[in-house]
Amino acid sequence: MSDQAIRLVVLVSGSGTNLQSLLDAVADESYGAVIVAVGADRDGIEGLARAERAGVPTFVERVRDHSDRAAWDEAIAARIAAHKPDLVICAGFMRILGAPTLSAFPVVNTHPALLPAFPGAHGVRDALAYGVRVTGCTVMFADAGVDTGPIIAQETVRVYDGDDEDTLHERIKTVERGLLVETVGRMAREGWTVTGRNVRLGSRTRGDGEPGRTTK
Ligand code: GRF
């Protein structure tokens, strides 16, 4: 592990193809980041199996094992904190994180639509139903809302006649994986600044301490 590599905890809920792209990227030391743990809100998912195959520690924190949502929020924040991440990545993690995590770590999320259009769990289906001809994917900071945090990067994907939710989502995910890897890598190597809703990558000299900076 490079001294200057930033520490990532990646959270997943499903197949974990975005996670796999990150696992592949961090295999190259020049990427600038290491995945120190993969967490999930359910067990038995391919995302966790991918982490195990890569030799990355995993943890599972299920909402139903807690008396209420606030208790889960505290528990998952503690599980994440145990790995001392510089950055948390939600890669197909289908839960809104609470204040215990959001106040402790910068959290990056990825979404299969061009925010602020079509937020929520059915961004691909909603974009198709609306009839848009161009959609895409967004990498953004997570905040307390549903896909409302400051946008870091976006990429477009055309909608084809005859697309259904599955074909369109698969095409978006191909672009999304590349965008996530590129964006997280730049954040790791160059740092970032958030001013209001505006995110700028760059302007950090590696090794100057803070991996990111938020100016309100
Ligand atoms: C991604 O499109 C993500 O944006 C959405 O669910 C998909 C997860 O895919 N929330 P995978 O688990 O990374 O394969």
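The values are calculated or read from the model by the stated rules, or taken from the named source; none is laboratory data. Note that this is a predicted model, so its numbers are computed, not measured. Every residue, glycine among them, receives a Cβ derived from its backbone with ideal geometry; neighbour counts consider all protein chains shown.
Before moving on, here are some points about what is shown:
- Residue within segment 129-141 that is within 18 Å of I6 (Cβ to Cβ) and not assigned by TED's automatic domain parsing to the domain that holds L8 present: yes
- When K216 is tested against the conditions (1) farther than 18 Å from L115 by Cβ; (2) modelled with pLDDT of 95 or more; (3) not aliphatic (A, V, I, L, M), the lone failure is (2).
- Of all residues in segment 117-126, exactly one satisfies the criterion of being away from the ligand (no atom under 12 Å from the Cβ) and either more than 23 Å from C90 (Cβ to Cβ) or of a type in the set (G, A, S) (or both), namely A117.
- Of all residues making up segment 124-140, the number that are crowded, with 20+ Cβ neighbours inside 10 Å and either at pLDDT below 95 or in contact with a helix residue (DSSP H, G or I) (Cβ under 9 Å, 6 or more places away or on another chain) (or both): 7
- Residues of segment 129-144 satisfying the condition of being within 14 Å of the ligand (Cβ to nearest atom) and on the phi < 0 side of the Ramachandran plot: T135, C137, T138, V139, M140, A142
- Of all residues in segment 141-175, those that are in contact (Cβ under 8 Å) with a residue 60 or more places away in the chain and hydrophobic (A, V, I, L, M, F, W, C) total 1.
- In segment 150-197, residue nearest to the ligand (Cβ to nearest atom) [restricted to those that are under 27 Å from D24 (Cα atoms) and assigned to a loop (DSSP other than H, G, I, E, B)]: P150
- Condition broken by A121, with the remaining ones in (1) in contact with a Ser or Thr (Cβ under 9 Å, 6 or more places away or on another chain); (2) surrounded by fewer than 14 Cβ atoms within 10 Å (Cβ to Cβ); (3) within 25 Å of E74 (Cβ to Cβ) satisfied: (1)
- Condition check for L11 on (1) in a loop (DSSP other than H, G, I, E, B); (2) touching a residue at least 60 places away in the same chain (Cβ under 8 Å): one failure, at (1).
- Residues (within 16 Å of the ligand (Cβ to nearest atom) and of a type in the set (K, R)) located in segment 52-74: R53
- Candidates A49, A82, A25, filtered to the one that is more than 16 Å from the ligand (Cβ to nearest atom) and hydrophobic (A, V, I, L, M, F, W, C): A82
- Hey, A77 within 16 Å of the ligand (Cβ to nearest atom) and buried (at least 17 other Cβ atoms within 10 Å of the Cβ) or not: no
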